[in-house]
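Here's the structure we're looking at; comments come further down.
The values are calculated or read from the model by the stated rules, or taken from the named source; none is laboratory data. In this text, all values refer to a predicted model and were calculated from it rather than measured experimentally. Glycine also receives a Cβ, built like all others from the backbone with ideal geometry; neighbour counts cover every protein chain displayed.
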Amino acid sequence: MAEIPEGMSTLEYHVLLSMASGPRYGYAIKDAVAAESAGTLQPRAGTLYRVLARLMTHGWVAEVQTGQDDPPHPGLTRKYYGLTATGRAALAVEARRLREAAALAEERLGLVEKTG
Amino acid sequence: MNALLDLLIRLFPRAFRRQFGADLHEQVRVDLGRAERRGRWPALAFTVWTGLDLIRSAVAERLRPTWVGAHATSERVPGFTAAVVVTLGLAVGANAGIFSVISAVLLDPLPFEEPDRLVYIAASAPGSDFPDEFPVSMEFYVQYAEQATLLDGLATFNSFTATLRVGDRIERVRMSMPTHTLFETLGAEPILGRLPEPEDGEDVAVISYALWTTWFGSDPDVIGKAYEAINLPRTIIGVMRPDFRFPNDGVLLWIPSEVPTEIVPGRFGRRLVGRLAPGAEPEDLATQLQTLASRLPERFGGSAAYARLIEQHRPVVRPLREELLGHVSGPLWVLMGSVALVLLIACANVANLFLVRTESRRRDLAVRRAMGAGRGLLIRTQMAEAVLLAAWGGALGVVLAWVGTPLLLRFAPTIPRGDSVAVEAPTLLFALGLSALAAIVCGLAPAVRASAPSLDRLRDAGRGHTRRRSWGRDGLVVAQTALALVLLVGSGLLVRSFVKLRSVDPGYDTEDIFTFQIAPESEGLSDGPEYARFHTDFMERVASLPGVESVGVVGELPLDEGVRGGRFVTEDRQADEDEGVLLNYTWSGGDYFSTMGIEVRLGRAFRAADTETDLGNALVSETAANLLWPDQDPIGRRLRRERSEEWATVVGVVEDVKQYNFRDAAEPLVYLPLVGPTPESWTVASPGYVVKTARAEQIAPEVRALVREVAPSAPMYAVHTMASLQADSMHRLSFTMLTLALASGLALLMGAIGLYGVLSYVVALRTQEIGVRMALGARAGEVRRMVVARGARIVAFGIVLGLFMAAAATRALGALLFATQPLDGITFLGTAIVLGGVGLLASYVPARRASSLDPAACLRAE
């Protein structure tokens, strides 16, 4: 699996996350990121598409053809992006890391009973 | 709005636009619509922030393929990155540091109004027995000030040490007594109070900002108060700006000096500063002043000798800047030149590293080329890497300059304006420029080379290397070696000068001698005998301190003060009153000569104990004796000052001493006794004391306590040892030598690294060939010789080239050298041998590696 050398940023994580249940188009990705990060991430257009480009370069995201094309204007087709297999794997690895890190934090802060 | 958005989107690379352009467009439009519904300000904020985000993203995206590559490569080869960054960092740091000094000391304009119009005016009299250049006398000032139409202002100036008393604080400080016209001529305004007027006379003073802040705690009420300076109360009328320093940094106050009503012509010693009329050139002024000076005898009278001197007189007019800063500009530019050479060497070194690496990656590059990567992209990738590394190098350099310059300045002689040296905007810009230059120089050649790897390279599997390419690398090492030799020769010459200067016999000892001055003028002493008694008693007290061997006193201490000059007439040739011989003279008493180790060559020295018996006696230095009585016995002969009635009999001849520095020849000197020819003759007001003691470095507090006891209001000052005065007198040379030695050491190291790198690479390239040779029976020694021979050839070329370059360059050292020719054979030969030795050593390490290769492993390589 290709690794991003500096690790995965929060924005990259949420962009990947937004596509985990199926391909999405640009604006939908943005809205999903904003909603799923509880509003903490509001990427502007340039930043968002750069992240998308970067994830594509890594082979984690690819443009996909969907049947459910619903053009907002005649003649303008939306591009849909979805996770590749390595993208899914990367997201899973990162999610596990985050869960472990979150659990560690809760444990150290005394928010949960120590288990095992 | 749409047009602007399109324009911004056009900033992105084409591939990016094709993929995301429409989405970007749509998203920005939708978001803008939402923002507009919330009001005008949210819409404006959205536009600005989104615009900035698009620009930033577009730039980042444009740079991405190359920059990511640059990061990736430099991360892959840590040794390479470190070598390049450190090499460039050291070179840029050295350049930025010296530049910050040059910028503050030499390039900043003098802090006066229209400083380019200010000139220094002095006199010369070719063919006379006067020095090459000497200060004028008061009648020159009067004549010039009244009649020179090409002058917009004229003032006399000087600087000296005298006693300043503010309450209980009594110290000797530097001050100046210029004519009141000085401030107007320079165009300087006070920050507080006013400037002197003609009617103020000599009873007022203008003080420096430094004095105001340190002695008076920046109290504005100081204006109008009177304090004692040079034994008279002076009312402070003004405080000057912090950057007003004239004629040098240390001057703390200015007391106006009046033009005497009765002018005696020929009392030389006044330095002049003038302001040129708009459009006037120094040469025009010199011509006018010559005419004006030629009329001096008819206006002011004077002796026949004075009239003769005026006939020979040629005015000296040169920019004030040159007078104030000229003495440091030479060494500073030499240093700038040296560090510039270090930068060139560093660039050659880094270019070589790049070339070597390009070679090792040429298969990779050829593949990329074959797969369609454009030349432009490959050049950009290489240049991006060079720029990135140069930027890091530049940043390191700025840090080094920032840390190192203050350290360096601590070893520096008292450079005028040295305290205003700071690593600031101009230096940062300079460092930035140098780094950019370094990036281009280091990156371009290898980049172009890398962009055109022929496709053959793929076919021959990267084996073999062409002569042309190796010449590029070898050429760089040759250049590096040559430049390093130039620096080595330069610092070698300075070291030789330094050694020679240290071994000069100045006529006196410098070990174990403590020196200081006191000014008992404020002790209520009134005549010569009182002063003499004071000095004699005081010397006895000092002599009784533990560990003191002997004590002496002299009017002007060598290396610390200049002696006076005067014309002397001897009994043998007093025919013409104006035919006096120009000699220096001073006074001495106590055990001065034995304390200083000045030998008595003939007759005897003054007697320490009995001053009275020395009334009317004199000692002469050997040079003075030869000048006055060539080939005759001077003992018992008599001489006197011109226009004086008091004869002095020569009782002894003493060794010559070097008064000002170790470079110049000793000047003729006459010593008069502490008490003059008659008891009332003169008062020695502020002499220098010399104390012979093994505790020269530690005795100061005890002497100070003694001074406080015998003369509570006479400050002790100019506290030195003869050894420290000697070190100070060589400071300019030793500072330049130290810096140049650092520079050439750096150059030598870089040269060696460059050679080592190239030879290591050659060995690596020829691993298979070496393996074959050894498999075929070549012995280790032969392989070693082969590699070393190649290194030796490169170094030899570099040395020959460097010798020629050094021969052309060392003339720049000019006045810094002492008893050493710019083309000193021993230095040239010696440094060439050193460099050759280092070169061979740098070759030997890769050669050893080559000869220890395992033939089988070599053949398997690749």
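Go through region B:827-859 and count every residue that is touching a Gly at 6+ places or on another chain (Cβ under 9 Å), among the hydrophobic types (A, V, I, L, M, F, W, C) and farther than 20 Å from B:A780 by Cα.
5
Of (1) assigned to a loop (DSSP other than H, G, I, E, B); (2) modelled with pLDDT of 90 or more, A:G67 satisfies all except one. Which?
Here A:G67 meets the rest and fails (2).
Identify all residues within region B:683-736 that are basic (K, R) and closer than 30 Å to B:G492 by Cβ; write none if there are none.
Listed by number, the list holds a single entry, B:R732.
State the number of residues belonging to region A:18-52 that are more than 9 Å from every other protein chain (Cβ to nearest Cβ) and part of a helix (DSSP H, G or I).
The total comes to 10.
Can you name every residue in region B:814-827 that is assigned to a helix (DSSP H, G or I) and farther than 13 Å from B:L488 by Cα?
If the condition is that a residue be assigned to a helix (DSSP H, G or I) and farther than 13 Å from B:L488 by Cα, then B:G814, B:A815, B:L816, B:G825 are the ones that fit.
Here is a check on your reading of the model: is B:E36 closer than 23 Å to A:Y81 by Cα and modelled with pLDDT of 85 or more?
Details: closer than 23 Å to A:Y81 by Cα: no; modelled with pLDDT of 85 or more: yes.
Judged against the criteria, B:E36 is not a match.
Go through region B:132-234 and tell me which helices (runs of 4 or more DSSP H), entirely inside it, have 1 or more residues that are in contact with a helix residue (DSSP H, G or I) (Cβ under 8 Å, 6 or more places away or on another chain).
The qualifying helices (runs of 4 or more DSSP H) are B:138-147, B:209-215.
Tell me whether region B:37-51 contains one or more residues that are under 60 Å from the mean Cα position of the chain (by Cα), within 25 Å of A:E63 (Cα to Cα), among the hydrophobic types (A, V, I, L, M, F, W, C) and surrounded by fewer than 18 Cβ atoms within 10 Å (Cβ to Cβ).
No, that holds for no residue.
Note down all Cβ pairs under 8 Å where the first residue falls in region B:92-111 and is touching a residue at least 12 places away in the same chain (Cβ under 8 Å) and under 17 Å from B:D243 (Cα atoms), the second is β-branched (V, I, T) and outside any loop (DSSP other than H, G, I, E, B), and they're at least six residues apart or on different chains.
B:V101/B:T405; B:S103/B:T427; B:V105/B:V328; B:L106/B:V328
Within region B:200-255, how many residues are polar (S, T, N, Q) and without any contact (Cβ under 8 Å) to a residue 40 or more places away in the chain?
So the count comes out to 4.
Regarding A:L55, is this residue assigned to a loop (DSSP other than H, G, I, E, B), under 13 Å from the mean Cα position of the chain (by Cα), of a type outside the set (D, E) and surrounded by 14 or more Cβ atoms within 10 Å (Cβ to Cβ)? Can you show your working first?
On the way: assigned to a loop (DSSP other than H, G, I, E, B): no; under 13 Å from the mean Cα position of the chain (by Cα): yes; of a type outside the set (D, E): yes; surrounded by 14 or more Cβ atoms within 10 Å (Cβ to Cβ): yes.
Here the answer is no, as A:L55 does not meet what is asked.
So, in region B:241-262, of the ones that are of a type in the set (V, I, T) and buried (at least 20 other Cβ atoms within 10 Å of the Cβ), which residue ends up farthest from B:A718 (Cα to Cα)?
The residue in question is B:I255.
Quickly run through region B:299-358 and pick out the residues that are charged (D, E, K, R), surrounded by 17 or more Cβ atoms within 10 Å (Cβ to Cβ) and farther than 26 Å from B:A484 by Cβ.
Of everything in region B:299-358, those that are charged (D, E, K, R), surrounded by 17 or more Cβ atoms within 10 Å (Cβ to Cβ) and farther than 26 Å from B:A484 by Cβ turn out to be B:R321, B:E323.
Residue under question is B:A162, and the condition is that it be small (G, A, S), crowded, with 16+ Cβ neighbours inside 10 Å and out of contact with any His (no Cβ under 7 Å at 6 or more places or on another chain); does it hold?
Yes, satisfied.
Determine which single condition B:L4 fails, assuming it passes every other condition in (1) closer than 25 Å to A:M56 by Cα; (2) in a helix (DSSP H, G or I); (3) in contact with a Ser or Thr (Cβ under 9 Å, 6 or more places away or on another chain); (4) touching a residue at least 40 places away in the same chain (Cβ under 8 Å).
So the condition that B:L4 fails would be (1).
So in region A:72-91, with the set limited to residues that are away from chain B (no Cβ under 11 Å) and either over 12 Å from the mean Cα position of the chain (by Cα) or more than 13 Å from A:E12 (Cα to Cα) (or both), which one is modelled with the lowest pLDDT?
A:P74
Could you look through region B:482-536, keep only residues that are in a loop (DSSP other than H, G, I, E, B) and among the β-branched types (V, I, T), and pick out the one that is nearest to B:L813 (Cα to Cα)? Working first, answer last.
We begin by selecting, within region B:482-536, every residue in a loop (DSSP other than H, G, I, E, B); these are B:503-512, B:519, B:524-527.
Applying the additional criterion that residues be among the β-branched types (V, I, T) yields B:504, B:510.
Working: B:V504: 20, B:T510: 28 Å.
The selected residue is B:V504.
Within region B:41-67, which residues are modelled with pLDDT under 75 and more than 9 Å from chain A (Cβ to nearest Cβ)?
B:V59, B:R62, B:L63, B:P65, B:T66, B:W67
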